[in-house]
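The values are calculated or read from the model by the stated rules, or taken from the named source; none is laboratory data. Given the structure is predicted, the values throughout are model-derived calculations rather than measurements. Cβ coordinates were reconstructed from backbone atoms using ideal geometry, including for glycine residues, and neighbour counts include every protein chain displayed. To get the accessible areas, we keep the full protein, side chains included, count just its heavy atoms, and leave off ligands, DNA and RNA. Shrake-Rupley method; radii C 1.70, N 1.55, O 1.52, S 1.80 Å.
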Amino acid sequence: MADRLDLFFRGHTIAEAAQKEDWKGENAEVPKHALIFHCVTTNDERRDPLVGAYICAELKDGNYVAEEIGLFHRAGHPEEFRVLKRFVRDSVYELGMLDEFRRKIFLKYIKAGALVVAYDAPFQISRIAVKSNKSLKRRRAFSFYFRLFHDKKTGTIRPSGFEPGILIESIDAAKAIYRPIKYKFHESDTEQEGEQGGSIVHILDLKTLTAVLTGETCTLQTACEIFGPPASKSRRTSPQVTKRAIERLLRDVMGELELLNRLRQEIARHPVDLVPERCYSPATLPKAYFSAMGIKPPLAKFQIPDEINGIAAQAFFAGRAECLIRRTTVPVTYVDFHAQFPAVSNLLNCREILCANSLEFTDFTAEARAMVQSATLDHCYSPIFWKRLRWFALVEPSEDVVPIRAKFGKREESDPTLGWDFLTSKQPIWITGPDVIAAKLITGKPLKILKAIQVIPHDVQSGLKPVKLYNQLEVDPLRDGLDVKLVELRSSLKNKNPKLAGGLKVAANSAAFGLLCQMNVKDLDSPSALHVFSGEASYRTPAAKVWEQPADFYCPVIASLVTGGSHLLCAMLESAVRDVGGHIAAMDTDSAMIVSTKDGGLIPCAGGPHTLENYELPSGHDAIRALSWAEVDRIRERFELLNPWQDTLKTPFSQVGKRKLQRGW
């Protein structure tokens, strides 16, 4: 009996009440002075500051150079002070208490608009703060203050309203947004922070900038290994202030200064407007290149109706991931599509849509029905066929395999997840043209299409211009896709610096579709109703405090077509394997594990359609057919007809990874 499930879909939302523009903190001037600091904390749950080091640096010839190096310590521990005093005797190092560092150095640099640098800046800043509050205005933010005074009016000790504080709004484990604030009081003595409109604070988290360039969250030691500066090799902090611990601390803070300069040099290789402290992820790179090439944000340029964005949002499903053979060890060949999302974007010619002057959405119902009726696997190996797939269809599934988002878990609190299952629904849903073709390949029968719309780009927008990617590859938006060029750049750097190549992989996927489906969680200025568009649905919500605000290059029309195209590639691979009697053990976005051995033949597998002779397992004689490696290679070779990397990278589109025994999970 089929399960009855509630389905969940994405939507396009508009806040009905006018909202203030988010503060972006943009400033083209590079701060002349920088403060780099690092705290070592106690090993207990409080993680109080034990000892710290700082460097006051000045920008000279493009690099920050140390002008003063110092140590600071907590009060009330004379034995630690004696160790530190002996260490700095007859040296160039300054020594002071933590409170002196806050007042005379940290706040001085904040107020002067200098660059304040740390590795894992939110944690480091929280350690030197004298007071912190959960933000009253932003759900994911805390406010930190650095100087206290005695309020004679209330008789309480509270943060100074004349000294700046910092509000840190966490985005995720690797990045945060920093805003300057001043401490204020309500009439009822309730504490609150007041954001300083128009003013900015320059705080650079080296952990974030490392993640921007590598696509990974790294420790300080790992970041220094990637980019070269020296740092302490020990990952364990000492609970005591000793000569060895101080030397390790100084090595770390000087390593952070060198890491700052190395990261800035790497950012400078990109000839676009990138402010290091405003870089939050590898997606920052393609966003800056889009702007440098003169590509206008789609929301402002195209004025796409909300109803169309709602259709595209409903049709957006991320990568296909599933396990088909569980808890059984089978031999597999791992096959994956090289740079799948940029390749799909290229096959669909999404660059033409992004760089168009305008878009038209026309009825495509009759053409879509005819195309699906006649479509075969052979058609899908034609690049010309792919360029005809830029359309969306309202379908009524009846035992059809389409992407669905549902709570498949048995527990009530389980979250909705993606699945590709047989679906029957009287409620029609919108999916992309590539997903409609994929459903035909999987089941062999066409979906029931109620209506369809086609995306037609018109003309080319004005103001487009070429740029030099990484000062090496020219990218001309009139002929080149940025995502494709990022893949080419990644290939050229992969042997020299694999970690940098990893960051470019994320950047390429962002250029292909990530930036185009980006929405930022925004705390609304005041509760507002949201107008939701999702497929055929359009409705108002009760007043909400949070809104998923479309980002600058938000364009679900392109993003959903690209992810739909990735589903079609997986369906093609599944269909090709099935047609020769083979099986896929598991799939994950751009890859599949095809059951195979060197010579092929039957292998034991519970529930298989075949029967083994002279071989007995507790589950019986069930077996499946493993393809030979030669059969797998012939399937792969057919995808070369779609290979966008054949001329430039000289690499196969469908690549073979490891051949091994795979235990289903």
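Quick one: with all protein chains in place, what share of the accessible area of the range 510-625 is carbon or sulfur, to the nearest percent (1.4 Å probe)?
50 percent
Determine, for each peptide in 405-416, 524-535, the mean count of other beta carbons within 10 angstrom over its residues, then list the peptides with the highest first.
The most tightly packed comes first, giving 524-535, 405-416.
May I ask you to derive the FRET efficiency for Ala366 and Asp459 from their Cβ-Cβ distance with R0 = 45 Å, giving the value to the nearest 0.05?
Efficiency computed from Cβ-Cβ geometry: 0.95.
Mind checking the angle between helix 433-443 and the chain's longest principal axis? C-alpha axes, 0 to 90 degrees, to the nearest 10.
Around 50 degrees separate the two axes.
Find how many whole Å separate the alpha carbon centroid of the range 263-309 from the alpha carbon centroid of the range 64-122.
Answer, in whole Å: 37.
With +1 on the Cβ of every Lys and Arg and -1 on the Cβ of every Asp and Glu, and nothing else charged, how large is the dipole of the chain about its Cα centre, in debye rounded to the nearest 20?
The dipole of the chain has a size of about 1660 debye.
What is the set of long-range amide H partners of Ser596 at a cut-off below 5 Å, with H atoms built 1.01 Å from backbone N?
For Ser596, whose amide H was placed from the backbone, the distant partners under 5 Å are Val332, Thr333, Leu627.
Using a probe of 1.4 angstrom, how much of the accessible area of the range 371-498 is carbon and sulfur, in percent?
Of all accessible area on the range 371-498, carbon and sulfur atoms account for 50 percent.
Have a look at Val332, Ser374, Val30 and report the one farthest towards the positive end of the charge dipole of the chain, computed about the Cα centre with Cβ charges (Lys/Arg +1, Asp/Glu -1).
Projecting each Cα onto the dipole axis, the largest value belongs to Val30.
Go through the range 533-608 and name the trypsin sites (Lys or Arg not before Pro) that are in a DSSP coil and have 16 or fewer other Cβ atoms within 10 Å of their Cβ. Mind showing how you got there, number by number?
Numbers: sites: Arg540, Lys545, Arg578, Lys598; in loops: Lys598.
Passing sites in the range 533-608 are Lys598.
With only Lys, Arg, Asp and Glu charged, each at its Cβ (+1 for the first two, -1 for the last two), find how big the charge dipole of the range 399-455 is about the Cα centre; round to the nearest 20 debye.
That gives the range 399-455 a dipole magnitude of about 200 debye.
Going by Cα centres, the range 525-539 and the range 496-515 are how many Å apart?
After rounding, the separation between the Cα centres reads 33 Å.
Calculated FRET efficiency, Ala321 and Arg89, Cβ-Cβ r, R0 60 Å, to nearest 0.05?
Working from the Cβ atoms, E equals 0.50.
Provide the packing ranking of 208-218, 81-91, 599-609, i.e. peptides ordered by the mean count of other C-beta atoms within 10 Å per residue, highest first.
The packing order, highest mean first, is 208-218, 599-609, 81-91.
Calculate for the chain the 222 nm mean residue ellipticity that helices alone would give, adding -39,500 (n - 2.57) per DSSP H run of length 4 or more and normalising by residue count, nearest 500 deg cm²/dmol. Write down the numbers at each step before the final one.
Working: 18 runs with 186 residues, N = 665.
After summing the helix terms and dividing by residue count, I get -8500 deg cm²/dmol.
Cα convex hull of the range 410-502: mean projected area in nm², to one decimal?
12.3 nm²
Trypsin sites (Lys or Arg not before Pro), restricted to the range 425-481: which are DSSP loop and have at most 10 other Cβ atoms within 10 Å?
Those satisfying the criteria are Lys426, Arg479.
Compute the signed sum of charges (Lys and Arg +1, Asp and Glu -1) over the other residues within less than 9 Å, Cβ to Cβ, of Leu473.
Working: positive: Lys468, Lys485; negative: Glu474, Asp480, Glu488.
Net charge in that neighbourhood comes out at -1.
For the chain, what's the relative contact order in percent, using C-alpha pairs closer than 8 Å and at least 6 residues apart?
16 percent.
Between the helical axis of 365-374 and the dominant principal axis of the chain, each derived from Cα atoms, what acute angle in degrees is found, rounded to the nearest 10?
For helix 365-374, the angle is close to 70 degrees.
From the residues Ser654, Ala630, Tyr280, which one has its Cα farthest along the dipole of the chain in the positive direction, the dipole being from +1 and -1 charges on Cβ of Lys/Arg and Asp/Glu about the Cα centre?
Tyr280
Using Cα-Cα distances under 8 Å and only pairs 6 or more residues apart, what relative contact order does the range 328-487 have, in percent? Kindly include the intermediate steps, with their values, before the conclusion.
Values: 236 pairs, mean separation 51.3, N = 160.
Once normalised by length, the contact order is 32 percent.
So with the 1.4 Å probe, I'd like the accessible area per residue for the chain, rounded to whole Å².
Accessible surface, normalised per residue, equals 46 Å².
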